[in-house]
Amino acid sequence: MKLNCQSTHIELTKGNRSHRKHARLRNRLADTIAEKGIHDEAVLMAVRSIPRHIFIDTALTNRAYDDRALPIGCGQTISQPYTVAAQTQLLEIKRGDKVLEIGTGSGYQASILCHMGADVYSVERHEELYHKAREILQELGYRPTLKLGDGTKGWSAYAPYDGIVVTAGAPVVPDDLIKQLNIGGRLVVPVGSKESQMMVRITRVSEDSYEEEQLQQFKFVPLIGEKGWD
Ligand code: SAM
């Protein structure tokens, strides 16, 4: 009986210790990406709060809070935290905004958006990743609306959106996504070759006019689908 109590105590202590260690690493990660130019406090707060290690394989736990992309299976990656933060900052979302993400992947970016109070819709083309992300997001208490399918055509059933973020590299800006923006809404999408892409932000200024900004070079996995790569 005594032994059981002792081992439970040791487990709890270990659990608390790793909990504190992860919280410390998250704070350090948020500081790192703030130094790289992320100034949106809501984004930084979400990075400080979300347990990124839960979204990746346990074998990679000790790299979860490095500012790096990591493999998540199916040849895909959880994006580098700086990239997630930069794209989220560009969306300029407010609580209650409706946001569509193309490329759920691990579910980490969806959790960041949910944490910031957005009403999140997210599409993933890999069935295994879709199920895994759904499970983890539910476990953490986030309730985005998820879909398995080709996100290059957006998700017209819930349009228009205040923000659309594409987390894979597109050969061109998918025109269906532009049409699904609210007036004042923003589409953030990396566009370019398979090797490197320019982050583009398109703002719908009125019913039929848009403003385009070209921002910074990134490297994403390819956006594959009808309006993406083959
Ligand atoms: N946002 C993700 C995260 O937080 O982990 C990053 C995911 S990864 C960089 C890009 C994802 O886009 C991959 O999971 C990939 O399968 C997905 N993807 C690529 N083309 C897609 C498409 N046409 N529709 C939906 N998802 C797509």
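Rounded to the nearest 20, the Cβ-based charge dipole of the chain about its Cα centre (Lys and Arg +1, Asp and Glu -1) stands at 1220 debye. Relative to the longest principal axis of the Cα atoms of the chain, the long axis of helix 81-91 makes an angle of roughly 40 degrees. Could you compute the net charge surrounding residue 130? Neighbours are other residues with a C-beta less than 13 Å from the C-beta of residue 130; K and R count +1, D and E count -1. Local charge sum for residue 130: -2. For the chain, a Gaussian network of Cα nodes joined below 10 Å ranks 214, 80, 89 by mean-square fluctuation, and the top entry is 214.
Our helix-only sum for the chain, with -39,500 (n - 2.57) per DSSP H run of n ≥ 4 divided by its residues, gives a mean residue ellipticity at 222 nm of -11000 deg cm²/dmol. Look at the dipole of the chain built from charges on Cβ: of 170, 38, 181, the Cα furthest out on the positive end belongs to 38.
In the elastic network of the chain, a GNM with C-alpha springs shorter than 10 Å, the most mobile of 173, 205, 189 is 205.
The long axis of helix 2-35 is offset from the longest Cα principal axis of the chain by roughly 30 degrees. Using a 10 angstrom cutoff on alpha carbons, build the Gaussian network for the chain and name the most mobile of 140, 25, 44. The residue with the greatest mean-square fluctuation here is 140. In summary, the aspartates and glutamates within cross-link reach of residue 21, defined as a Cα separation below 20 angstrom excluding same-chain residues under 8 places away, comprise 11, 31, 57, 66, 67. Here the contact order of the range 15-218, divided by its residue count and restricted to Cα pairs under 8 Å and six or more residues apart, works out to 14 percent. Projecting the Cα atoms of 22, 137, 114 onto the dipole axis of the chain, where Lys and Arg carry +1 and Asp and Glu carry -1 at the beta carbon, places 22 farthest toward the positive end.
Please list 114, 74 from largest to smallest accessible area, probe radius 1.4 Å, with all protein chains kept in place.
74, 114
Taking the Kirkwood radius as Rh and the Cα radius of gyration as Rg, the chain has a ratio of Rg/Rh equal to 1.01. Here's the list of lysines a cross-link from residue 219 could span, going by alpha-carbon distance under 25 Å and ignoring same-chain residues fewer than 8 apart: 36, 132, 147, 153, 194, 227. Sorting the segments 117-126, 48-57, 98-107 by their mean number of nearby beta carbons within 10 angstrom, highest to lowest, gives 98-107, 117-126, 48-57.
As a length-normalised measure over Cα pairs under 8 Å and 6 or more apart, the relative contact order of the range 94-213 settles at 21 percent. Counted over the range 15-218, the DSSP beta bridges are approximately 50% antiparallel.
The values are calculated or read from the model by the stated rules, or taken from the named source; none is laboratory data. The shown structure was predicted, so the numbers you read here are calculated from the model rather than taken from an experiment. With ideal geometry, Cβ positions are generated from the backbone for all residues, glycine too; neighbour counts draw on all protein chains shown. SASA here: full protein model, heavy atoms, side chains in, ligands and nucleic acids out. Shrake-Rupley method; radii C 1.70, N 1.55, O 1.52, S 1.80 Å.
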